[in-house]
1. Where residues in the stretch 69-108 are loosely packed, with under 14 Cβ neighbours inside 10 Å, in contact (Cβ under 8 Å) with a residue 12 or more places away in the chain and away from ligand 1 (no atom under 14 Å from the Cβ), which of them is nearest to residue 26 (Cα to Cα)?
2. If I filter the stretch 61-77 down to residues being within 12 Å of the chain's Cα centre (by Cα) and part of a loop (DSSP other than H, G, I, E, B), which single residue comes out as nearest to residue 19 (Cα to Cα)?
Ligand code: SF4
Ligand code: SF4
């Protein structure tokens, strides 16, 4: 789904962490795996064995879910433990990709970019 450019431009994330709790895959590119494993001081095999699973379509890797379904990298204060190297999928949402109904689930979008 693509949004009107005006609405996308207005979006300012308020770091509520809600989208890190949504169902689905946190897909990883090969570059993501390399960057994140290096950031965590792990070799890639160790990182994959510890933090990755197959995407539901079995086409690649995803970060695993924590108990309760949130991304395993989401911290208690709603910050991302790998923020400097978070996956491209995370960096691109919602300006580069989004889905039908995302605005109803994102506090910043619901408020038109104002404070959440
Ligand atoms: S749900 Fe929206 S406001 Fe909350 S962290 Fe995600 S993009 Fe930011
Ligand atoms: S990697 Fe970080 S930004 Fe991406 S879903 Fe997980 S906690 Fe959220």
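1. Restricting to residues being loosely packed, with under 14 Cβ neighbours inside 10 Å, in contact (Cβ under 8 Å) with a residue 12 or more places away in the chain and away from ligand 1 (no atom under 14 Å from the Cβ), the top hit is 69.
2. 70
All of the numbers you see were taken from the coordinates with simple rules; none came from a lab. All of these numbers come straight from a predicted model, not from anything done at the bench. Don't worry about glycine lacking a Cβ; one is built from the backbone with ideal geometry, like all the others, and counts go over all protein chains shown.
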